[in-house]
Amino acid sequence: MAFYLFRKGIRKLPGDVIKAVTIPEPEVIQGFGSRGQVGEICKKAGFQSVLLVTDATLFELGFYKKVQGSLRAQGIACSVFADICSEPTVDVIEKGKRQALACEADCIVALGGGSVLDSSKIIAASARHPQWHVTHYLKKFALVTKKTLPLITIPSTAGTGAEHTVGAVVKNARGVKTSTVVVGLDVPNVILDSELTVGAPQSVTVWCGIDALSHGLEGLLADVDSSAEDIEKSRECVRLVFENLAVLLKEPRNIEARQKMSLAAFYGGNAINRQLAGYVHAFAHSIGGLYHIPHGEAIAYCLVPVVRAQRGVCAEKLAALSVFCGFADEHDSHPAAIDRLITALRQLLRHCGLPKGCAALREQDYKKLTRLINFDSINYSPSKTFTDEEIHRLLEQIAKGD
């Protein structure tokens with residue numbers, strides 16, 4: 001009970017804290033093959049040497065070549081660092097920092113998924129102040145005086161929104177995943193290039209898309225003083241996923257749908273930066289971590305039960321979202337509008353192939369999971385604080401399938 005009261009008492013604090021963090025406001029370039037504009041962007045900004053950070057898969061596929069070629073065409077030196085893996089370690093990031101210093105990079109270009117983007121944030125921070133080991137920037141809040149090196153991001157997936165979020169998740173010196181807020185992150189440009197997502201496996205497209213949807217939805221439900229612009233972007237994030245994810249299951253090479261999903265992910269990143277996530281992520285982080293379930297899939301299991309549990313305190317927000325997405329009419333009652341939104345969400349998840357329930361969940365783990373969920377929820381400003389009993393009931397619903 002004491003910890004519940006503590007969580008309830010600080011519920012709005014994360015939302016207040018994030019308001020004090022300077023958030024990147026990048027210029028967004030969109031379009032199939034648009035990463036080929038990097039050279040022009042860097043030339044205009046006056047950059048002379050770039051460290052291009054990517055992973056082994058994208059390097060082997062040759063997707064970096066268009067970026068590298070565009071830089072060289074503008075007379076800009078380019079050094080490629082392709083050692084980033086799915087769970088980057090301190091040693092790998094320190095190696096990237098040393099390469100940035102060796103080539104005297106005045107800009108970092110990050111080409112890849114969340115791991116590449118997050119690693120690049122720490123490289124951009126530590127290369128600015130080389131006297132510090134990268135572990136210096138793996139604190140809860142990593143303050144970078146004079147900002148990080150400029151970071152141009154090119155996401156290869158449409159989901160995390162990490163292309164401009166101030167958070168970074170990497171392994172610390174003990175090999176444990178740690179989340180850091182990079183205060184002073186400088187992201188002048190984001191390039192949303194749908195060419196990078198066309199060949200993605202269906203599972204990556206699906207679960208990244210569901211992750212993006214959850215960012216927009218949870219941003220709307222958060223107890224944060226949001227601007228009208230941020231509310232609009234979060235709603236648009238949700239609408240774009242509803243309208244385009246199912247299309248990609250039938251037409252995986254639909255470029256327009258791919259581009260719109262990339263924009264949805266970008267808007268979802270805005271929600272993380274300015275509104276934070278919530279209990280869906282707290283449940284998904286805990287369940288996914290314990291049972292090694294991919295993040296987007298874990299999100300999918302948790303979405304309907306956790307959102308539905310907040311409908312009483314978020315009736316107006318959920319009803320407005322339902323109308324915005326075209327599921328309800330503005331004259332519908334709040335309960336009716338919310339029912340239609342949740343029905344649409346269930347249908348989308350079924351269409352994506354989500355099993356009825358999370359078979360990995362075991363009742364003997366509920367106590368441990370409840371503790372993990374409680375601690376993770378401290379990072380957000382959710383609409384309400386769940387008791388241990390409410391968390392237990394939600395775990396049962398997730399296990400059984402809503």
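The values are calculated or read from the model by the stated rules, or taken from the named source; none is laboratory data. Owing to the predicted nature of the structure, the values given are computational and were not obtained by experimental measurement. Because the Cβ atoms are built from the backbone with ideal geometry, glycine has one as well, and the counts that use them run over all protein chains shown. In case anyone asks, the SASA skips ligands and DNA or RNA and just uses the protein heavy atoms, side chains included. Shrake-Rupley method; radii C 1.70, N 1.55, O 1.52, S 1.80 Å.
Output yes when any residue across segment 103-113 is among the charged types (D, E, K, R), within 21 Å of PHE63 (Cα to Cα) and free of Cβ contacts under 8 Å to residues at least 60 places away in the same chain, and no when none is. So far as segment 103-113 goes, no, none of its residues is among the charged types (D, E, K, R), within 21 Å of PHE63 (Cα to Cα) and free of Cβ contacts under 8 Å to residues at least 60 places away in the same chain. Residues being modelled with pLDDT of 95 or more and more than 30 Å from ALA277 (Cα to Cα) are represented in segment 84-96 by at least one member.
Among the residues of segment 194-204, the ones that are surrounded by fewer than 24 Cβ atoms within 10 Å (Cβ to Cβ) and hydroxyl-bearing (Ser, Thr, Tyr) come to 2 in all. Residues of segment 331-365 that are surrounded by fewer than 19 Cβ atoms within 10 Å (Cβ to Cβ) and farther than 28 Å from ARG239 by Cα: ALA359, ALA360, ARG362, GLU363, GLN364, ASP365.
A quick yes/no check of all residues on (1) under 21 Å from the mean Cα position of the chain (by Cα); (2) of a type in the set (D, E, K, R):
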position: ARG340; (1), (2): no, yes
position: ARG346; (1), (2): no, yes
position: ARG350; (1), (2): no, yes
position: LEU361; (1), (2): no, no
position: PHE375; (1), (2): yes, no
position: PRO382; (1), (2): yes, no
position: GLU390; (1), (2): no, yes
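If I ask for residues that are touching a residue at least 40 places away in the same chain (Cβ under 8 Å), in contact with a Ser or Thr (Cβ under 6 Å, 6 or more places away or on another chain) and of a type outside the set (Phe, Trp, Tyr), which ones from segment 28-57 would you list? Correct list: VAL38, LEU51, VAL53. With respect to the stated conditions, GLY184 is touching a residue at least 60 places away in the same chain (Cβ under 8 Å) and under 30 Å from LYS44 (Cα atoms).
Is it the case, given these coordinates, that ALA360 is at pLDDT 95 or above, closer than 30 Å to ILE10 by Cβ and among the hydrophobic types (A, V, I, L, M, F, W, C)? For ALA360, the condition - at pLDDT 95 or above, closer than 30 Å to ILE10 by Cβ and among the hydrophobic types (A, V, I, L, M, F, W, C) - is not met. Pull up segment 155-170, narrow it to residues that are touching a residue at least 60 places away in the same chain (Cβ under 8 Å) and open to solvent by 20 Å² or more (accessible area, probe 1.4 Å), then point me to the one that is nearest to the chain's Cα centre (by Cα). Ranking the candidates gives THR160 first. Only a single item in (1) open to solvent by less than 20 Å² (accessible area, probe 1.4 Å); (2) within 22 Å of VAL224 (Cβ to Cβ); (3) assigned to a helix (DSSP H, G or I) is not met by PHE375, and it is number (1). For segment 181-193, check the following and say yes or no: at least one residue is open to solvent by 40 Å² or more (accessible area, probe 1.4 Å) and farther than 24 Å from LEU143 by Cα. Within segment 181-193 (the criterion being open to solvent by 40 Å² or more (accessible area, probe 1.4 Å) and farther than 24 Å from LEU143 by Cα), the answer is no, since none of the residues qualifies.
Tally time: how many residues in segment 271-289 are among the polar types (S, T, N, Q), surrounded by 24 or more Cβ atoms within 10 Å (Cβ to Cβ) and within 16 Å of VAL224 (Cβ to Cβ)? Of the residues in segment 271-289, 1 are among the polar types (S, T, N, Q), surrounded by 24 or more Cβ atoms within 10 Å (Cβ to Cβ) and within 16 Å of VAL224 (Cβ to Cβ). If you check ILE152, ILE108, ILE123 for being part of a helix (DSSP H, G or I) and open to solvent by less than 10 Å² (accessible area, probe 1.4 Å), only one passes: ILE123.
The residue pairs whose first member lies in segment 199-218 and is within 25 Å of ARG308 (Cβ to Cβ) and aliphatic (A, V, I, L, M), whose second member is open to solvent by 10 Å² or more (accessible area, probe 1.4 Å) and outside any helix (DSSP H, G or I), and whose beta carbons are closer than 8 Å, counting only pairs six or more residues apart or on different chains, are VAL206/CYS352; VAL206/GLY353; ILE210/CYS352; ALA212/ALA158; ALA212/THR160. Look at segment 341-357: where a residue is without any contact (Cβ under 8 Å) to a residue 40 or more places away in the chain, no partner that is in a loop (DSSP other than H, G, I, E, B) and surrounded by fewer than 16 Cβ atoms within 10 Å (Cβ to Cβ) sits 6+ places away or on another chain with Cβ atoms under 8 Å. Among the residues of segment 1-35, those identified as part of a helix (DSSP H, G or I), open to solvent by 30 Å² or more (accessible area, probe 1.4 Å) and not aliphatic (A, V, I, L, M) are PHE3, TYR4, PHE6, LYS8, GLY9, ASP16, LYS19. Condition (residue is part of a strand (DSSP E or B) and within 30 Å of ILE255 (Cα to Cα)) applied to segment 66-78: is it met by at least one residue? Yes: one or more hits.
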